[in-house]
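Visitor: This structure is in structure tokens; I'll ask about it shortly.
Read the figures in this text as sums done on the coordinates, not as results from a lab. The model shown is predicted, which means the values in this text are computed figures rather than measured ones. As a convention, Cβ positions derive from the backbone with ideal geometry for all residues, glycine included, and neighbour counts pool all protein chains shown.
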């Protein structure tokens, strides 16, 4: 095992590293029954890694996507793996020169020539044999397809899906009653997105109103809509979600609402905004804490402290929040510790015992990737940590679009 010395670390130690069988472009990760399932950003498939011994990870399988299609986001629960079939945008010429083409407008406008060259939808796998996922179902989508899914068991999954008659991804309820043929049974969108129904956007050009994803707790769905802000939906009736609350911090804070994390036992909601520009352009991106005692009136009460042990804006690449560890069943769960990836500032741990005064209690910043997986020209060779999964023992599984998989150990207080 090669040891990788961090650029900076506190209360988090290095355990192991994997290049994921030469496919080091990791995005979302699920760790389930001793195996890690990694969705890729460029390699267009899913890797399976045996992590029963976290100190000796072994890549044991790779499941390819159809041509032109990637499975960057996925979910596991019991014997099921759900994954998106989405266009492999970063390998397409339309998105090679400027990320604003993707983040600043609906990708449908740029993908018109690519329609038919990827296979949009959601795939379902049987993972009763964890190292050998077997495809058992598929839900086709007419349009660009899904971006991210939320599924923690039961009859319904929830996804952000871009249908052909909408301007971008919207909230969708998926019925898994027939696991071989899932179907969308409920939808909700920000008014102005249903272009097929004659709606027109009210927001400015250069803003992208699109659901990144939603997390569900009971009958509430907490949605992050990129430049469209935050929604709380009542989904007691799965076929007719209803809006309870809407908040948008853009302006003045620059948009890109990305990652929701409801902490229902404390009536709190943590929400991260995504950094989408290099070198801190566009201002800092924050992780917000909301009081949701009254779900129809969420109130912002704090933000997480920004990493300050180095000048990360000057480091190159993106600096700011990305994904949050989501307290999934079977994972490490806490309503006081929040784990967040921070692109070139690695992974951070925050203590929100006092929700009005969050404190940073740990971080790990890996070194620069040894090689680049990103096919786009001119991308800086710096760490850009994407996702983090924390297991019950405090082992942290940290992905990067170029540097593969880091396995770390949180050694701070387990609150």
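Visitor: Grab the DSSP H runs of the chain that are 4 residues or longer, score each as -39,500 (n - 2.57), total them, divide by all residues and round the 222 nm result to the nearest 500 deg cm²/dmol.
Guide: -500 deg cm²/dmol
Visitor: How far apart, in nm, are the 7 Å Cα→Cβ label points at residue 205 and residue 50?
Guide: Spacing of the two 7 Å Cα→Cβ label points: 5.6 nm.
Visitor: Something else about it: Taking 8 Å as the Cα distance limit and 6 or more residues as the minimum spacing, I'd like the relative contact order of region 8-410 as a percentage.
Guide: Taking the mean separation of contacting Cα pairs over the length of region 8-410, I get 15 percent.
Visitor: Just one of [x] 0.90; [y] 1.05; [z] 1.00 is Cα Rg over 2.2 N^0.38 Å as worked out from the coordinates here. Which one is it?
Guide: Computing Cα Rg over 2.2 N^0.38 Å and matching it to [x] 0.90; [y] 1.05; [z] 1.00 gives [x].
Visitor: Still on this model: Applying a 10 Å radius around every beta-carbon, put 145-154, 66-75 in order of their mean neighbour count, most first.
Guide: The packing order, highest mean first, is 66-75, 145-154.
Visitor: For residue 297, put the label point 7 Å out on the Cα→Cβ axis and report which residues of region 256-284 keep their amide N under 19 Å from it.
Guide: Once the point is set 7 Å along Cα→Cβ of residue 297, 267-269 turn out to lie under 19 Å by backbone N, inside region 256-284.
Visitor: Can you give the relative contact order of region 9-151 as a percent, counting alpha carbon pairs under 8 Å and 6+ residues apart?
Guide: So the answer I get is 20 percent.
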